[in-house]
Amino acid sequence: MARIVQKYGGTSVGSVERIKHVASRVERSVKEGHELIVVVSAMGKSTDELVSLANQITDAPSKREMDMLLTTGEQVTISLLTMALHECGIEAVSLTGWQAGMETEASHGNARISAIKNERLEAELAKGKVVIVAGFQGLSEQGEITTLGRGGSDTTAVAIAASLKASRCDIYTDVTGVYTTDPRYVKKARKLHSISYDEMLEMANLGAGVLHPRAVEFAKNYDVPLMVASSMEDVEGTLIEEEVSMEQNLVVRGIAFENDVIKVTVKGLPNRIDTLSKLFTTLSENHVNVDIIIQNQYDEEHVNISFSITQSSLKETLAVLGKAQEDLQFADVSFEEELAKLSIIGSGMVSNPGVAAKMFDVLAKNDIFVKMVSTSEIKVSVVVLGADMTLAVEMLHEQFQLAEEVQVAVTV
Ligand code: ADP
Ligand code: ASP
Ligand code: MG
C-alpha cells in the first residue's frame, strides 16, 4: 500500500460528469489498496469568473476580500467530489485548506506556505478515509484566509505530499504530460518522458503554466517524485526527478514563453555608482517585480536603464517612477507594450557556448528583432514583439530539433 497525493486541475473537474469521472479514478486507486489524498482546483474557469465579478464592482478590490472570494471556488469542488465518492461507496471527507492545516505567511494573493499542521489529515487517513483537500488556499497566523497565487493548487498537492511523506504526487491535468513547449501553440510539441527538477523549475518560472513554480521547488527540496499526466487518458505522463535518465544529452529540452511583457526605459539617469541600486531599491520597496535589466551609457554623465515587467504592474511602476523622479534625477520614462519573452531551457547548455548564438541566428533569419536578452546556466531568454512570439517558438522548436526523440549536441 502506498500513500499517494493526486491533484486534479480546473478542466479535469469542470463539470458534474468530469467530477464523477475523477471519483471513478479515485475509486480505482483506493481499490488498488492505496491511501489517498486528493487535492482539487475550482471547477473549469470559475476562478476567472469570480475575478470578473469582483472587477465589475471595483477596479481595486481589497486583497483580503479577493482571497475570501476566490477560495470559495475550490470549496465547491471538494464537496461535490466527496459526494460523488460517497455515491461510489467510498469513505471520503472534504477539508478546506485551513482544516487541512495549511499555514501561510500573512500576504494576500500570492502567499507562501509556512507550515502544514497535518494532524487532521493523518487522523482522517487513520480512519480509512480518502481526504479531499481544497487547493490554492491557506490561513495566516493572524487567522486570515490567503491564496497561493494562480495555479497554486499544484503547490498545495506537493506540499501535502512532502508533509505526509507520500510516496509520490501525481498532477492530473488536461494534457498528457510536460511537453517540449505548450502543445496548444506548437502542434509538433513532444511529450517528455522525464525532466529534471531544475529544468522544470525554469520552464515553470518562465511561463510554462503546466506546473506552479513553487510546486516544483517543494518537490525538489523535499524529494517528492512528481508526475504530470492526463486526467482523461490512461497514457504515460512525465516524471519530474533529480536525475534525468533518458535523453541525457539534450542541449535544449524545452521552450517556455509568456506574453504581456513591457519594456520600460528610464532615460537620462546620472552615471553614478549608486544609480542602479537607488532605482531598483525604489522599485522593490514598492513591490514592483522587475525581470530583465539593461544598462546603456550614452554620454559621460548619463545612462539609460531598461527593464521588463508584466502588463499588470505597468500602472504601479509608472506611478512609483513618477513620484521618485526628482530623487532619482532622471529625465524621462518611456515604455513599449505587447512584447513577449521566450526562453530556451536545458541543463546541457552549461557546456555548450554556441546555444545563444544559434538562438539569435534563428531569430535573425526569421526577421525577428530581439529587444532584450538574459541568460543563466540553463536558459537563454529573449524579449521580442508579441506578434512574433508564435513564429519564434515554432522556428526555435524546429531548429533545436525538439520534435525528435533522439537529439544530438548542438555545435555552432
Ligand atoms: P490545470 O487546470 O489542470 O492546473 P493548467 O491550465 O494550469 O491546468 O495547465 C495545463 C496547461 O498548461 C495545458 O493545457 C497547456 O496549454 C499549458 N502548458 C504550457 N506549457 C506547457 C508545456 N511545456 N507542457 C504541457 N503543457 C503546457
Ligand atoms: N483555482 C486557482 C486558479 O485558477 C488555483 C488552481 O487552479 O491551481 O488559479
Ligand atoms: Mg494549473
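The values are calculated or read from the model by the stated rules, or taken from the named source; none is laboratory data. For clarity, every value in this text was computed on a predicted model and none was experimentally measured. Please note: Cβ atoms are built from the backbone with ideal geometry, for glycine as well, and neighbour counts cover all protein chains shown. Ligands, DNA and RNA are excluded from the accessible area calculation, which covers all protein heavy atoms including side chains. Shrake-Rupley method; radii C 1.70, N 1.55, O 1.52, S 1.80 Å.
Could you tell me which residue of the range 1-26 is nearest to ligand 1 (Cβ to nearest atom), considering only residues that are surrounded by fewer than 15 Cβ atoms within 10 Å (Cβ to Cβ) and at pLDDT 95 or above?
Ser15
Any chance the range 369-386 includes a residue that's closer than 25 Å to Asn289 by Cβ, assigned to a strand (DSSP E or B) and free of Cβ contacts under 8 Å to residues at least 24 places away in the same chain?
yes
How many residues, within the range 293-340, are among the hydroxyl-bearing types (Ser, Thr, Tyr) and over 34 Å from the mean Cα position of the chain (by Cα)?
Looking only at that region, the number is 1.
Which numbered condition trips up Leu85, out of (1) closer than 30 Å to Ser313 by Cα; (2) open to solvent by less than 50 Å² (accessible area, probe 1.4 Å); (3) of a type in the set (A, V, I, L, M, F, W, C); (4) touching a strand residue (DSSP E or B) at 6+ places or on another chain (Cβ under 9 Å)?
(1)
Going by the conditions given, is Gly152 over 19 Å from Val228 (Cβ atoms), of a type outside the set (A, V, I, L, M, F, W, C), within 14 Å of ligand 2 (Cβ to nearest atom) and in contact (Cβ under 8 Å) with a residue 40 or more places away in the chain?
It is false that Gly152 is over 19 Å from Val228 (Cβ atoms), of a type outside the set (A, V, I, L, M, F, W, C), within 14 Å of ligand 2 (Cβ to nearest atom) and in contact (Cβ under 8 Å) with a residue 40 or more places away in the chain.
Of all residues in the range 132-171 being acidic (Asp, Glu) and closer than 20 Å to Ala23 by Cα, which is farthest from ligand 3 (Cβ to nearest atom)?
Out of the qualifying residues, it is Asp170.
How many residues are closer than 30 Å to Lys165 by Cβ and over 27 Å from the mean Cα position of the chain (by Cα) if we restrict to the range 19-64?
Residues that pass the stated criteria total 10.
Among the strands (runs of 3 or more DSSP E) contained in the range 250-317, which hold 2 or more residues that are hydrophobic (A, V, I, L, M, F, W, C), open to solvent by 10 Å² or more (accessible area, probe 1.4 Å) and more than 16 Å from ligand 1 (Cβ to nearest atom)?
293-297
On the phi > 0 side of the Ramachandran plot, within 16 Å of ligand 2 (Cβ to nearest atom) and in contact (Cβ under 8 Å) with a residue 24 or more places away in the chain: does that describe Gly177?
Judged against the criteria, Gly177 is not a match.
What residue, among those in the range 202-217 that are open to solvent by 20 Å² or more (accessible area, probe 1.4 Å) and over 8 Å from the mean Cα position of the chain (by Cα), is farthest from Ser343 (Cα to Cα)?
Out of the qualifying residues, it is Glu217.
Give the number of residues within the range 149-190 that are more than 18 Å from the chain's Cα centre (by Cα) and within 12 Å of ligand 1 (Cβ to nearest atom).
The total comes to 3.
Condition test on Tyr197, is it of a type in the set (Ser, Thr, Tyr), on the phi < 0 side of the Ramachandran plot, touching a helix residue (DSSP H, G or I) at 6+ places or on another chain (Cβ under 7 Å) and open to solvent by 20 Å² or more (accessible area, probe 1.4 Å)?
No.
List pairs: first residue in the range 329-342 and open to solvent by 70 Å² or more (accessible area, probe 1.4 Å), second residue not in a strand (DSSP E or B) anywhere in the structure, Cβ distance under 6 angstrom, at least six positions apart or on different chains.
Glu338/Gly386
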